[in-house]
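The values are calculated or read from the model by the stated rules, or taken from the named source; none is laboratory data. If you're wondering where the values come from, they're calculated on a predicted model, not measured in any experiment. Cβ placement follows ideal geometry from the backbone for every residue including glycine, while neighbour counts extend to all protein chains displayed.
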Amino acid sequence: MNVLLTVDGLSKAYPGVIANDDVSFSIARGEVHALLGENGAGKSTLVKMIYGLVQPDSGSMTLAGAPFAPPEPRAARASGVAMVFQHFSLFEALNVAENIALGMENPPHLRDLARKITEVSEAYGLPLDPARLVGHLSAGERQRVEIIRCLLQGPKLLIMDEPTSVLTPQEVEILFATLRKLKDEGTAILYISHKLEEIRALCDSATILRRGKVVATCDPREKSARELAEMMVGKVLQQTKAAGADLGDVALEVKDLSLPPATQFGTPLRDVNFAVQRGEILGIGGVAGNGQDELLAALSGERGTREGVFLNGQPISKLGPTARRRIGILSGPEERLGHAAAPDMSLTENALLTGHVREELARNGFLNWTKTRVFAERVVNEFDVRTPGVSSVARSLSGGNLQKFVIGREVLQRPEVLIVNQPTWGVDAAAAAAIRQALLDLAGQGSAVVVISQDLDELMEISDRFAALNGGRLSDAVPAAGLTLDQIGLMLGGAHDLEPA
Amino acid sequence: MITLERRPEPSRMWQALTPVLAVVLTMIAGGLLFAALGKDPFEAIRTIFWDPLFNPQFASYSRPQLLVKAAPLILIAIGLSLGFRAGIWNIGAEGQYIIGAICGAAVGLAFYPLEAVYIFPLMVLAGALGGTLWAMIPAVLKIRFGTNEILVSLMLVYVAEQVLASMALGALRNPDGGGFPGSRNLQQYPSAANPELIAGTGAHWGVFAAFIAVIAAYVLLNKHLLGYQIKLTGQAPRAARFAGVRPNMLIALCLGISGGLAGLAGLFEVAGPAGQITIDFNSFYGFTAIIVAFLGRLHPIGILLAGLLMALTYIGGELAQFMLGIPSAAIQAFQGMLLFFLLGVDVLSNFRIRFKRKQVAS
């Protein structure tokens, strides 16, 4: 095999945690190699060392036969290593060509660059207009900007960190076609993901990390997704099951809801219509930035509207978050730290954040801290939140544990309607399964549940009906059972701008 | 190599210890400063921190001064700390203090020479109301037009100073004052005076008001939903909106309370220690209170201690100027050091310091 990169015994320790412990693997030219692991398994640290963002404590690397120890990303790029990050570093107010020029050492004239961008984008089947403002691009198109920025360097090794989390199924196909073309040209690709089916479809080999160590190297095409997941988590996963409740009356109804965007590049809601019955989970899919945050804000009451939201037939559009909680509409926003929870406050204080109305934690405004602590402890116990205690501050918890706390806090308040946005985003597999089960149980007890998510597998697993959010418009809800990925993809708006612009 | 390492949680021990450490560091650096000026550093530090309280020669005068000077600082700082916790920056307490004093004094003078028990309570109300209304100007502008409350409240200080001068020379000028600027002396008008209530302590009504404010703020911040919402808004504004806090209500409330308390401080000062409205009635209490609020870590008990400490450095500083001939600029630098060191060592509560050898690249 024609080995390109060899990683030999890399270790990196941060205070209190060993991120990578004696990690070794190698990638050949023309190989798509998956790096698989839960959040906190050490995938990010490992690629940061390869890309020169972090220096290893010990161990060595060789690239194309020569010792490779990039002190900074610039050196890694010079050696032919390029990386597409999960979070884009693009300026919304600049156009595509300007954004790409900003990331180059010696940018050519903008007109020449624009021509090169068009050439590369056509050669690899990634349609992109160099003159468009990045602020007007969809998430999938923004990712193309980042990919083309890398391809212009002619990389030998391309690192992709969770590239499909922002894409529709059709866009994923386009991306995979591009990656296969690169592979055929001899480019090695290091592909980081926790989406197992994708890895099985795309990758030639996989290195599985758990708690900083390599636990297995395998050919993902020979393993089932379940086997891969269990290698990743290190234990047998519990499968979620629906309680199968009878559907009741319509609880939450939204009629012709429109909402202007909160920021210049935000998405307005346009004539959104849906209804959720008691005992039902409505899944709302869509690529990030298509109005999910706005929809949650309009339903939670953070942004009041003049009309359009009804509970049990009564108009509630003008009620604020506190009044809506009183009548049983609870919600869990996507951003855990800073939105759903205050990072520097204790879990007890965070329990108060949404709990004081329904749990009667305050009388005449005076707080009952004992009762609040008991409520916080109940959330911690019933939702298996791993923490030293309820006096720990929210930011000291791992993402999965904090998310269990946030969801548990709402579920335990016996909501009539629960709306959650990205309930398992960035959460480890075991915690994600627990959260999904909690949502299913809640619906089983007769609550109406709205789950907004970009994870289609998740929505297919738990929803009774499915609707897609695209450009602030919501499709009609259809029964989720029997939907194919193609149908869902079309509902999500297909691939954005597939025809060359 | 020294590196700073973020603590997973802020250290409670260091949060309590950093103010003490800052005072010690200020004494050391201040001592060096005084030594460089050719003064005996130990004597200077002793004159500032010890003599005002315990030197038999000065203490009888300066000990009551401690409460007189600390009370307005604490009263104003308590109000400011509520807003600062919520991320609402009222920098114009000096102006609210002036307007409160003018309104309170005007009510008192309007009744002159009538003697009645209700006059002083009315003055207190007028003082609080004047300060509140003055603070509502930046509040309303911020809510309606999104203006920056820092700039508006600060600029209103200069407006208030002009109003003060106008009042001292015009509407409130003592008709029997032979044409000199300044109002009648309220201390000589029993129904409107704010006298020393316990002889030899300096404790006037404002001192009691300051203590009540400390207790009320403590209860508000620790036991009441509103205090929780104030803290939440400062720490995580988005989470606060999610929790149902109405930001505009909080802006009006925080500016209103801090303005009201500053106005009260002004009223107690003009009816008590100062006695009259004069052109230079204001004495930077409103600005110094900002330092006091931060020195006390925006915590009511901390502010109580910080106000007393600040008052002590003022009295001691004057004593040091007078006794040792230390220039007033050096005293001000000394007071500035206190805030400097406090903010500097603050990093210890969120970070720990690690010393490690620079690693040899392998």
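For residues that are within 21 Å of A:GLU162 (Cβ to Cβ), in a loop (DSSP other than H, G, I, E, B) and among the charged types (D, E, K, R), scanning just segment A:1-56, find the one that is modelled with the highest pLDDT. Across segment A:1-56, the extreme among qualifying residues is A:GLU31.
Residue count for segment A:336-348 under the criterion of being more than 19 Å from A:GLY301 (Cα to Cα), of a type outside the set (A, V, I, L, M, F, W, C) and more than 7 Å from chain B (Cβ to nearest Cβ): the result is 2. When the residues of segment A:1-43 are narrowed to those that are of a type in the set (A, V, I, L, M) and within 14 Å of another protein chain (Cβ to nearest Cβ), which ends up nearest to the chain's Cα centre (by Cα)? My answer is A:VAL17. Among the conditions (1) touching a helix residue (DSSP H, G or I) at 6+ places or on another chain (Cβ under 6 Å); (2) closer than 16 Å to A:ASP161 by Cβ, the only one that A:HIS87 does not satisfy is (1).
Kindly indicate whether any position in segment A:290-302 is part of a loop (DSSP other than H, G, I, E, B) and either in contact with a His (Cβ under 6 Å, 6 or more places away or on another chain) or within 14 Å of another protein chain (Cβ to nearest Cβ) (or both). Among the residues of segment A:290-302, at least one is part of a loop (DSSP other than H, G, I, E, B) and either in contact with a His (Cβ under 6 Å, 6 or more places away or on another chain) or within 14 Å of another protein chain (Cβ to nearest Cβ) (or both), which makes the answer yes. For segment A:405-417, the condition holds for no residue, the condition being that it is within 20 Å of A:MET232 (Cβ to Cβ), surrounded by 19 or more Cβ atoms within 10 Å (Cβ to Cβ), away from every other protein chain (no Cβ under 14 Å) and not hydrophobic (A, V, I, L, M, F, W, C).
The residues of segment B:159-187 that are free of Cβ contacts under 8 Å to residues at least 24 places away in the same chain and either under 30 Å from B:ARG63 (Cα atoms) or outside any helix (DSSP H, G or I) (or both), listed by number, are B:GLY170, B:ARG173, B:PRO175, B:ASP176, B:GLY177, B:GLY178, B:GLY179, B:PHE180. Within segment A:371-396, the only residue that satisfies the criterion of being outside any helix (DSSP H, G or I) and crowded, with 24+ Cβ neighbours inside 10 Å is A:VAL385. Taking segment A:323-335 as the range and being in contact (Cβ under 8 Å) with a residue 40 or more places away in the chain, within 25 Å of the chain's Cα centre (by Cα) and more than 7 Å from chain B (Cβ to nearest Cβ) as the test, the residues that pass are A:ILE329, A:LEU330, A:SER331, A:GLY332, A:GLU334.
How about segment A:90-182: which helices (runs of 4 or more DSSP H) wholly inside it have at least 3 residues that are farther than 29 Å from A:GLU72 by Cβ and free of Cβ contacts under 8 Å to residues at least 60 places away in the same chain?
A:110-123
Within segment B:290-324, being within 11 Å of the chain's Cα centre (by Cα), buried (at least 20 other Cβ atoms within 10 Å of the Cβ) and of a type in the set (Val, Ile, Thr) holds for B:ILE290, B:VAL292, B:ILE303. Of all residues in segment A:332-340, at least one satisfies being surrounded by 24 or more Cβ atoms within 10 Å (Cβ to Cβ) and assigned to a strand (DSSP E or B). Residues in segment A:267-281 that are in contact with an Asp or Glu (Cβ under 6 Å, 6 or more places away or on another chain) and in a strand (DSSP E or B): A:LEU269, A:ASP271, A:ALA275, A:ILE281. Take segment A:170-194 and flag every residue that is at pLDDT below 85 and surrounded by fewer than 20 Cβ atoms within 10 Å (Cβ to Cβ). None; the set is empty.
Yes/no matrix, rows are residues, columns are (1) over 19 Å from B:ALA139 (Cα atoms); (2) within 8 Å of chain A (Cβ to nearest Cβ):
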{"position": "B:LEU221", "(1), (2)": "yes, no"}
{"position": "B:LEU232", "(1), (2)": "yes, yes"}
{"position": "B:MET249", "(1), (2)": "no, no"}
{"position": "B:LEU253", "(1), (2)": "no, no"}
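Taking (1) free of Cβ contacts under 8 Å to residues at least 60 places away in the same chain; (2) surrounded by 17 or more Cβ atoms within 10 Å (Cβ to Cβ) in turn, B:LEU151 satisfies each apart from (2).
I'd like to know if segment B:64-84 contains one or more residues that are surrounded by fewer than 21 Cβ atoms within 10 Å (Cβ to Cβ), at pLDDT 95 or above, under 19 Å from the mean Cα position of the chain (by Cα) and within 30 Å of B:GLY256 (Cα to Cα). Checking segment B:64-84: at least one residue is surrounded by fewer than 21 Cβ atoms within 10 Å (Cβ to Cβ), at pLDDT 95 or above, under 19 Å from the mean Cα position of the chain (by Cα) and within 30 Å of B:GLY256 (Cα to Cα).
Can you find a residue that is surrounded by 14 or more Cβ atoms within 10 Å (Cβ to Cβ), farther than 23 Å from B:ARG354 by Cβ and touching a helix residue (DSSP H, G or I) at 6+ places or on another chain (Cβ under 6 Å) anywhere in segment B:17-24? No - not one qualifying residue is present in segment B:17-24.
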